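**Q** This structure is in C-alpha cells; I'll ask about it shortly.
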Amino acid sequence: MTTDRPAQPPDRILLIKPSSLGDVVTAMPVLRGLRRSFPAAHIAWLIGTAYAPLVDSDSDLNEVILFDRARFGPPWHWPLAGGELVRLVRRLRAGRFDWAIDLQGLLRSGLLAAASGAAVRAGFADAREGASVCYNVRVLPAAAHTVDRNIELARHLGVDARSEDMTLQVTPEGHAYAQSLISRCKLPPKGFLVCMPPTRWATKRYPVRHWRKVVAALARQSDVVVMGGGGREKQLCDAVAEGLDGHVVNLAGQTSVPEMVAVLAVAAAAVCCDSSAKFIAPAVGTDVVALLGPTRPTQTGPYLRGRAIVADVPCQGCLKKRCPHVTCMEVISPDQVVAAAMEMLDKCA
C-alpha cells in the first residue's frame, strides 16, 4: 500500500460521495478540479438516488451512477440486496476506472472503491470504520473544514481543486420555477429571504417558538419564503409559518431539489440550522446565516459566504445527536438572527 501521488493521468475517474445533500456540495471543488485538470477524462459520480438531482445535469459530469442505500441493507430486510449489489459492482467494473476517489470515508464506500477495480483508489487516512484499508493512496489532511479536507485529498492527486469551486449549477427547470415563483408571489429578485427550519439531528433544531419570532420579525421588513421537504419537515415548517400571513410564503413539501436550489439562488440570503442549506446557498452565490449548537463552525460551518451564529455555551460543539436539554439551540437569540439576516438583505439592496 502506498500514499504516493499517481504517476499517470487518468482517462476514467470515479468520484464516490453518495450522501448527503450538504456533503455532496462540499465535494464540488473536487469535481470542478478534476474537470479543469483532465478536460478529456470521463468522470462518473456514485451518488445516492435522493441526492442525484444536485449533480445529474452538471456539465462537468459524464455519468451518474445511482446508489440506493436502502436497497443494500441486510438481506432479511431486502431479499434482493445481494442481486442489487452484484449488479452495481458489475457496473463499476465495466466502467474501467483508472481512479476511484472516495470522499465519503466509510467502510461501504471504501469497499465500493476497491470493488471498482481502479488502479488508484484514494481516500482519507483517517476514514471511519477502517475504510482506509481499501485505499492504496491515503491522505491525512491538515485542514479541519470538510471542504478543505476534500480539496487537500484532490491536490495530493495532482488535481487543481480550488475553494472557489464549491459551486452548483442551476438547472433550466429550476430556473423556470424560481422565475415563476417570483412572478406569482411578487417577490423582488435578490430582495427576499429564505428560512429553512428543518435539519436532520434533533439537537441541531432551533425551537419553533424562536423560528416564529424570527420569521415574523423578518416578514415585517421583507418577503420571506419558508422551505423544507415533505413529511415531518413540512409539519415543522407549517408550525413555523402558521398564522404568519402577508409577506410569508410557505413552500414546504412543494419543491424538488433543483427547484429548492434555484429559489436559494435568487434570494438575498438564507437562514438555516446546521443543514444542507448552509452549503447550497453559498454554492449558488447567496449569503447564509447558519445557527450552530452541537456542531463546530471550523469543521462544517458556512464556507466562502455568510456567517455562523454559534451558541455561547460551554458544551458547544459536543457533536451529540441526543441531549436532554439542547441548551445550545435554546440560547441563540431570535433578535441576533434577525439582525444578521437583515444585514445580509441590506447588502443586496
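The values are calculated or read from the model by the stated rules, or taken from the named source; none is laboratory data. The structure presented is a predicted model; accordingly, all values stated were derived computationally and were not measured. Every residue, glycine among them, receives a Cβ derived from its backbone with ideal geometry; neighbour counts consider all protein chains shown.
**Q** List the strands (runs of 3 or more DSSP E) inside region 230-349, counting only whole elements, that have at least 1 residues being under 19 Å from the mean Cα position of the chain (by Cα).
**A** Output list reads 269-273, 287-292, 307-310.
**Q** List pairs: first in region 239-256 and under 18 Å from Ser222 (Cα atoms), second of a type in the set (D, E, K, R), Cβ under 6 Å, 6+ apart or cross-chain?
**A** From region 239-256, the pairs are Val240/Arg212; His247/Asp223.
**Q** Let me ask something else. Do you know which of the residues in region 142-157 that are in contact (Cβ under 8 Å) with a residue 12 or more places away in the chain and in a loop (DSSP other than H, G, I, E, B) is nearest to Ala52 (Cα to Cα)?
**A** Only one residue tops the list, namely His145.
**Q** Same structure, new question: Considering (1) surrounded by 15 or more Cβ atoms within 10 Å (Cβ to Cβ); (2) more than 17 Å from Pro10 (Cα to Cα), say which one Glu173 fails and leave the rest.
**A** All conditions are met except number (1).
**Q** Select from region 158-188 the residues that are in a loop (DSSP other than H, G, I, E, B) and over 23 Å from the mean Cα position of the chain (by Cα) and list them in ascending order.
**A** Gly158, Lys186, Leu187, Pro188
**Q** Is it the case, given these coordinates, that Gly123 is under 23 Å from the mean Cα position of the chain (by Cα), at pLDDT 95 or above and in a strand (DSSP E or B)?
**A** So Gly123 passes the test.
**Q** I'd like the residue in region 189-210 that is in contact (Cβ under 8 Å) with a residue 12 or more places away in the chain and part of a helix (DSSP H, G or I) and, out of all such residues, is farthest from Ser20 (Cα to Cα).
**A** Per the stated criteria, the residue is His210.
**Q** With respect to Lys213, determine if the residue is surrounded by fewer than 20 Cβ atoms within 10 Å (Cβ to Cβ) and part of a loop (DSSP other than H, G, I, E, B). Talk me through it step by step, then tell me what you get.
**A** Values: surrounded by fewer than 20 Cβ atoms within 10 Å (Cβ to Cβ): yes; part of a loop (DSSP other than H, G, I, E, B): no.
It is false that Lys213 is surrounded by fewer than 20 Cβ atoms within 10 Å (Cβ to Cβ) and part of a loop (DSSP other than H, G, I, E, B).
**Q** What residue, of Asp335, Asp274, Asp312, is in the same structural domain as Gly191 (by TED's automatic domain parsing) and crowded, with 22+ Cβ neighbours inside 10 Å?
**A** Every option except Asp274 fails the conditions.
**Q** Do we have Arg205 as crowded, with 20+ Cβ neighbours inside 10 Å, modelled with pLDDT of 95 or more and either among the charged types (D, E, K, R) or outside the structural domain of Val338 (by TED's automatic domain parsing) (or both) here?
**A** yes
**Q** Also: Under 8 Å between Cβ atoms, at least 6 apart or on separate chains: pull out the pairs that start in region 56-69 with a residue that is free of Cβ contacts under 8 Å to residues at least 24 places away in the same chain and end on any residue that is among the hydroxyl-bearing types (Ser, Thr, Tyr).
**A** Leu66/Thr49; Asp68/Thr49
**Q** Same structure again: Quick one: is Val224 touching a helix residue (DSSP H, G or I) at 6+ places or on another chain (Cβ under 7 Å), more than 27 Å from Ser163 (Cα to Cα) and part of a strand (DSSP E or B)?
**A** Yes.
**Q** Now a separate question. On the basis of being more than 24 Å from Pro302 (Cβ to Cβ) and assigned by TED's automatic domain parsing to the domain that holds Thr26, does Asp148 make the cut?
**A** So Asp148 fails the test.
Residue-wise test of (1) of a type outside the set (A, V, I, L, M); (2) within 22 Å of the chain's Cα centre (by Cα); (3) surrounded by 14 or more Cβ atoms within 10 Å (Cβ to Cβ); (4) at pLDDT below 95.
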residue: Trp45; (1), (2), (3), (4): yes, yes, yes, no
residue: Ala70; (1), (2), (3), (4): no, yes, no, yes
residue: Pro75; (1), (2), (3), (4): yes, no, no, yes
residue: Val86; (1), (2), (3), (4): no, no, no, yes
residue: Gly110; (1), (2), (3), (4): yes, yes, yes, no
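**Q** Given (1) modelled with pLDDT of 95 or more; (2) more than 27 Å from Pro258 (Cα to Cα); (3) under 22 Å from the mean Cα position of the chain (by Cα), identify the lone condition not met by His145.
**A** Of everything listed in (1) modelled with pLDDT of 95 or more; (2) more than 27 Å from Pro258 (Cα to Cα); (3) under 22 Å from the mean Cα position of the chain (by Cα), His145 misses just condition (2).
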